[in-house]
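The values are calculated or read from the model by the stated rules, or taken from the named source; none is laboratory data. It should be emphasised that the depicted structure is a prediction, and the values quoted were computed from it without experimental measurement. When we count neighbours, we look across all protein chains shown, and the Cβ atoms used for this are built from the backbone with ideal geometry, even at glycine. The area values use the complete protein model at the heavy-atom level, side chains included, leaving out ligands, DNA and RNA. Shrake-Rupley method; radii C 1.70, N 1.55, O 1.52, S 1.80 Å.
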Amino acid sequence: GARRRAALACSTARMADGRLVAVIGDEDTVTGFLLAGVGHRTAEGSNFLVVRPDTPLATVEQAFEDMTSRDDVGIVLINQHVANEIRHLLRNYDRTVPTVLEIPAKDHPYDPDADFVMQRVNLMLGGPGA
């Protein structure tokens, strides 16, 4: 009931400044972060999206747009293989908060050459790709 939802909302893991961590990823990744206390669900929505092979691209794009425009989200974690599907949005994303971090998935290894944050760091430091 309502008491359980209130308790769940109060137990949500937040960053030091009170902002949420949002997650867009495969079922294993999202489940792991939810078990760690990252999940937050209200009548307006949640801070996570489970992306399955049949999840429409438009759904992933909308979740990314929604999560990166929220004032209560400080970090958006996204599986790199999912980020590859919305690379066009990531290339144009220029805000520092919420910070978008690409993370590996169990079945998809991390490729630092594909990570847009690492690409920007390399550009700033004059490394490969500069």
Selection from the range 72-88 of residues among the β-branched types (Val, Ile, Thr) and in contact with a helix residue (DSSP H, G or I) (Cβ under 7 Å, 6 or more places away or on another chain) yields Val73, Val76, Val82, Ile86
Selection over the range 12-55 where residues are at pLDDT below 90, part of a strand (DSSP E or B) and open to solvent by less than 40 Å² (accessible area, probe 1.4 Å) yields a count of 1
- Task: Tell me, yes or no, whether the range 70-89 has at least one residue that is under 15 Å from Asp26 (Cα atoms), in a loop (DSSP other than H, G, I, E, B) and basic (Lys, Arg).
- Result: no
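Every residue, every condition in (1) at pLDDT 95 or above; (2) over 21 Å from Gly32 (Cα atoms); (3) among the aliphatic types (A, V, I, L, M), yes or no:
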| site | (1), (2), (3) |
| --- | --- |
| Leu57 | yes, yes, yes |
| Glu65 | yes, yes, no |
| Asp71 | no, yes, no |
| Asp94 | no, yes, no |
| Asp107 | no, no, no |
| Tyr110 | no, no, no |
| Asn122 | no, yes, no |
Checked against (1) open to solvent by less than 80 Å² (accessible area, probe 1.4 Å); (2) under 13 Å from the mean Cα position of the chain (by Cα), Glu65 satisfies every condition except (1)
Expected single match for closer than 21 Å to Gln119 by Cα, among the hydroxyl-bearing types (Ser, Thr, Tyr) and touching a residue at least 12 places away in the same chain (Cβ under 8 Å) among Thr29, Thr99 is Thr99
Residue in the range 109-126 that is surrounded by 10 or more Cβ atoms within 10 Å (Cβ to Cβ), within 16 Å of the chain's Cα centre (by Cα), touching a residue at least 40 places away in the same chain (Cβ under 8 Å) and within 27 Å of Arg70 (Cα to Cα) present
no
Per the filter on the range 92-102, residues within 15 Å of Ala22 (Cα to Cα), outside any loop (DSSP other than H, G, I, E, B) and open to solvent by 30 Å² or more (accessible area, probe 1.4 Å) are Thr99, Leu101
